[in-house]
């Protein structure tokens, strides 16, 4: 199964979602990308994923154009539709899903307050992508 997780910056939500999904389904082909990728994976995303025993420190944000020739079983957008425009994928896709989360990179305050937001979003991603895995991948 080929799965692409898509957002704008590919520095937080899509990176965390892909990492969790890979941990649930290590034999599947899972990618993440963005329409306007950041220069690096957000350091707080790396930190909160390490707390879960998952290392994404070697990941690099990727431009979605790299995957336009790939056929995907699922393309899943993870942006918060109420606050931002979700990117579209124009390659070959069997099923498109939206599982939205707020952007933790927008968090304000002290480092501890920002970490709290990253942890909250991480936990939501973990739960929602486990549900997706159970319903769509592990059947």
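None of the figures in this text is laboratory data; all of them are computed from the coordinates on show. Since we're looking at a predicted model, the values are computed, not measured. Backbone-built Cβ (ideal geometry, glycine too); neighbour counts: all protein chains shown.
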Taking the Cα of residue 120, stepping 7 Å toward and past its beta carbon, and measuring to each backbone N in the stretch 34-58: which are under 18 Å? 44-45, 48-49
What FRET efficiency comes out for the pair residue 1/residue 80, r = Cβ-Cβ distance, R0 = 22 Å, nearest 0.05? 0.25
Once label points are set 7 Å from the Cα along Cα→Cβ at both residue 63 and residue 110, what is their separation, rounded to one decimal in nm? 4.1 nm
Potential extension, residue 70-residue 47 segment - 0.36 nm per residue separation minus Cα distance: 5.2 nm
In percent, what relative contact order does the stretch 2-137 have, based on Cα pairs under 8 Å that are 6 or more apart in sequence? 29 percent
Between the Cα axis of helix 13-24 and the main Cα principal axis of the chain, the angle (0 to 90°, nearest 10) is 70 degrees
What does the helix-only formula give at 222 nm for the chain: each DSSP H stretch with n ≥ 4 adding -39500 (n - 2.57), the total divided by the residues, and the result rounded to the nearest 500 deg cm²/dmol? -9500 deg cm²/dmol
If one compares the long axis through the Cα atoms of helix 111-132 with the longest principal axis of the Cα atoms of the chain, the angle in degrees, nearest 10, works out at 20 degrees
Return the label of the correct value of P(r) over Cα pairs in 10 Å bins from 0, in percent, as calculated from the structure shown, out of (i) 12, 36, 32, 18, 3; (ii) 13, 47, 34, 6, 0; (iii) 11, 43, 38, 8, 0. (ii)
